């Protein structure tokens, strides 16, 4: 079973349909529609228990207060440990919406944080505390059970409006009580990126609050733009980021191995609409071309899935890795491609078969022991470029603050 999947709610909103696609089936299956009932009760985001990360949370409740130490493995097999220290006084904020991870049996998750939510925070978001104050609300997301039900034709109602309204309420609470005019980076993956896409479209794009958006990292989802353009399509006023000093812009991509591109009718890399394409911004080279990825990979795998390929030894010597993360300089590079297979971030692994460290990575979605190629490297969309994204956010933060000083 996969624990990081595009949700029935929003992730595949721009993708073509296919009977083989659980997420897209969920997006349109009558069995997934919310039942006729009164609107769900609102969450109180003034209650600290409704946040996974938030400044001031007790350490035992803060999902971002975790060990992020990393073993850096050089091409010659030598290793060193890199410790992580959060910024004690970051100048901007980050607001994160996590992907589909809930293993609860209903169509919507409840507001109890489980190990899966905390694990995905560790893998995808906690490290951003080096650049910004981290805010990550709990929300009643569409669950994995909802996706599986849609794929198998079972009835499992999902309240889609509740999913969006939870994030809208958390965002509005943050703006009213915490933001105080600060710049903010929006970060989401898969279902989280889909919900943030709706939030930006309805509440931010072209509105006064847009001036506070440092950037939006909408990863593992399809964002439509006109062919060859950086703005238009999904958003009218917010373009794609093409430089690390650009602000009020979007970074987005879906990642695939260069040797295994998206399927022609697959869920990722494709959008509906004549002369439209799925946007791709390469975090290793925003201006175009290829660049080296600075990955922070979980040493034991993606870390928030129940069924995935287990990484082999990170070094040929088999020396134990005692940190929760590894980084492998020079192993991965990326380039945005737009061809008959779609528009996507192509990941090349530069491994040496006889070298002293691993020459492969995991990150593919696996179900019952079988890799699902149409998902690409969905499980590591964020981790594979974490270092690049952190560097970009750092530069964007400086540019945002410099622009403020000129006003």
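The values are calculated or read from the model by the stated rules, or taken from the named source; none is laboratory data. What you see is a predicted model; the values in this text were computed from it and never measured. FYI the Cβ positions are ideal-geometry reconstructions off the backbone, even for glycines, and counts take in every protein chain you see.
Structure notes:
- The range 332-357: number of residues that are touching a residue at least 12 places away in the same chain (Cβ under 8 Å) and surrounded by fewer than 19 Cβ atoms within 10 Å (Cβ to Cβ): 14
- Qualifying residues in the range 195-208 (those that are touching a helix residue (DSSP H, G or I) at 6+ places or on another chain (Cβ under 9 Å) and under 21 Å from residue 143 (Cβ atoms)) - the one surrounded by the fewest Cβ atoms within 10 Å (Cβ to Cβ): 198
- A single entry from 349, 326 fulfils the requirement of being more than 16 Å from residue 70 (Cβ to Cβ) and at pLDDT 95 or above: 349.
- The residue list 63, 59, 7, 12 contains one member that is in contact with a strand residue (DSSP E or B) (Cβ under 6 Å, 6 or more places away or on another chain), closer than 29 Å to residue 298 by Cα, in a loop (DSSP other than H, G, I, E, B) and at pLDDT below 95, which is 7.
- Only listed residue being part of a loop (DSSP other than H, G, I, E, B), modelled with pLDDT under 95 and within 15 Å of the chain's Cα centre (by Cα), chosen from 306, 295, 302: 302
- In the set 170, 176, 161, only one residue is in contact with a strand residue (DSSP E or B) (Cβ under 9 Å, 6 or more places away or on another chain) and either assigned to a helix (DSSP H, G or I) or touching a residue at least 40 places away in the same chain (Cβ under 8 Å) (or both); that residue is 170.
- Just one of the listed residues (313, 329, 320) is touching a residue at least 60 places away in the same chain (Cβ under 8 Å) and assigned to a loop (DSSP other than H, G, I, E, B), namely 329.
- Some residue of the range 165-185 being modelled with pLDDT of 95 or more, under 15 Å from the mean Cα position of the chain (by Cα) and buried (at least 20 other Cβ atoms within 10 Å of the Cβ): yes
- Against the conditions (1) at pLDDT 95 or above; (2) more than 24 Å from residue 66 (Cβ to Cβ); (3) more than 21 Å from the chain's Cα centre (by Cα), residue 154 satisfies every one except (1).
- Condition check for residue 220: touching a helix residue (DSSP H, G or I) at 6+ places or on another chain (Cβ under 6 Å) and under 30 Å from residue 338 (Cβ atoms): yes
- Annotation note: of 196, 218, the sole residue that is free of Cβ contacts under 8 Å to residues at least 40 places away in the same chain, in contact with a strand residue (DSSP E or B) (Cβ under 6 Å, 6 or more places away or on another chain) and either within 25 Å of residue 255 (Cα to Cα) or part of a helix (DSSP H, G or I) (or both) is 218.
- Residue among 127, 118, 122 that alone is crowded, with 24+ Cβ neighbours inside 10 Å, in a helix (DSSP H, G or I), touching a residue at least 24 places away in the same chain (Cβ under 8 Å) and within 18 Å of the chain's Cα centre (by Cα): 127
- Top-ranked residue in the range 133-144 [being at pLDDT 95 or above and more than 24 Å from residue 184 (Cα to Cα); ranked as surrounded by the most Cβ atoms within 10 Å (Cβ to Cβ)]: 142
- Within the range 248-262, the set of residues being surrounded by fewer than 20 Cβ atoms within 10 Å (Cβ to Cβ) and either at pLDDT below 95 or outside any strand (DSSP E or B) (or both) comprises 258, 259, 260, 261.
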